Amino acid sequence: MKEALFLLADLWMIFAGYFYGWKFIRRYGNYLLGLEWMVVATSGSNFLLWSLFGAKSDSVLYDLAYFFDAFSRSVGITLILVLGLMKVTHRYEPSRRVDIGVFGTAIVAGLFLRQFHGADLHTGGIAFWVAVFYVVVNLLTAVFLGYFAKRLWNAGARWPAVWTALVTAAGITIAITYDFFPLAFDDANRTIFYTAALATWGTQGFVYFRAYRALHDRNAASDANQARATGTLA
């Protein structure tokens, strides 16, 4: 049963990442969020293959799993997420140079930070501070997401605001639990934790897309009303 739930959670994250990532690009031209969603989906696909092929620590899929994890936890679902959402909160239009720069930074961060995964936080030295870094950037991102939820609420998108707040709180819980509070009742592969984490990350992809769409539509409606009012006055 645990394995089946893990599989469903991973498939859900893969679907949400690819499906809504494509929608971000196709419908809104938001490459920051679209590509990051697809990175998350690719991470889930890699994790799934690694699990199906025996979950061996000497597999290249094992190294890739930690790279993708570090990529998104450090820069992807932090800085890239914030910059992408700013398109509807601040009308921010990143240049192609910014797009390339932040993804390049995420790749470098992923390559560097992946080596500290699995290290004992009490004896690993820098591994402890890397774990702290992941939590801190998650919390800082959550502050912006709180602002994002408030903007949704003020715009009248009450349910998207509520779901954004709830899924963000779940994401914070996963981030803190990840390195610092392993579940005592979990197995050696942390199946229960990863099932919860994958389900949460997939749901974040779904909820943040719907919330983005809601704020985008309200911005578009506001612009249309302003244009009509200007035309009437003219």
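Determine the calculated [θ] at 222 nm for the chain from helices alone, applying -39500 (n - 2.57) to every DSSP H run no shorter than 4 residues and normalising by the residue count; nearest 500 deg cm²/dmol.
Value at 222 nm, helices only, nearest 500: -27500 deg cm²/dmol.
Can you classify region 52-110 as rounded, prolate or oblate using the Cα gyration tensor, where a ≥ b ≥ c are the square roots of its eigenvalues, rounded means a/c under 1.5, and otherwise it's prolate if a/b beats b/c and oblate if not?
prolate
Compactness ratio of region 89-172: Cα Rg over 2.2 N^0.38 Å, N = residue count?
1.42
Quick one: net charge around TRP201, please, counting Lys, Arg +1 and Asp, Glu -1 for every other residue with C-beta under 12 Å from its C-beta.
Here the count lands on -2.
Assuming a ≥ b ≥ c are the square roots of the Cα gyration tensor eigenvalues, decide whether region 116-230 counts as rounded (a/c under 1.5), prolate (otherwise, with a/b larger than b/c) or oblate.
prolate
Considering only the other residues whose Cβ falls under 14 Å of the Cβ of ASN189, what net charge follows from Lys and Arg at +1 and Asp and Glu at -1?
Its environment carries a net charge of -1.
Contact order normalised by length for the chain, with contacts defined as Cα pairs under 8 Å and 6 or more residues apart; what percent is it?
It rounds to 25 percent for the chain.
Taking Cα centroids, how far is region 81-112 from region 1-68 in Å?
Spelled out, the Cα-based centre of one part sits 20 Å from the other.
Can you work out the FRET efficiency for the pair ALA184 and ARG158, with r the C-beta to C-beta distance and R0 = 45 Å, to the nearest 0.05?
The computed FRET efficiency comes out at 0.75.
Give, as a single signed number, the net charge of other residues whose beta carbon lies under 15 Å from the beta carbon of ILE107, with Lys and Arg counted +1 and Asp and Glu -1.
Within the 15 Å Cβ shell, the charges total -2.
Return a whole-number percent for the relative contact order of region 14-123, with Cα pairs under 8 Å and 6 or more residues apart as the contact set.
Taking the mean separation of contacting Cα pairs over the length of region 14-123, I get 26 percent.
Using a basic spin-label model with each label point 7 Å from the Cα along Cα→Cβ, how many nm lie between LYS56 and GLU3?
That separation, rounded to one decimal, is 1.8 nm.
If I compute mean projected area of the Cα convex hull in nm² from the structure I just sent, which labelled value in (i) 17.7; (ii) 13.3; (iii) 14.1 lines up?
Here the calculated entry is (iii).
Pairs of Cα atoms under 8 Å, at least six residues apart: use those to get the relative contact order of region 110-234, whole percent.
Relative CO of region 110-234 lands at 22 percent.
To check my understanding: the extent here is largest minus smallest coordinate of the Cα atoms along each principal axis. What are those three numbers for region 1-100, in Å, largest first?
Principal extents (largest minus smallest coordinate, Cα): 46, 25, 18 Å.
Quick one: Cα centre-to-centre distance for region 133-199 and region 206-229, in angstrom?
Here the answer is 25 Å between Cα centres.
A short reminder: the numbers here are calculations on the coordinates, not readings from a lab. What you are looking at is a predicted structure, and each value in this text was computed from that prediction instead of being measured. Cβ atoms come from the backbone with ideal geometry, glycine included; neighbour counts cover every protein chain shown.
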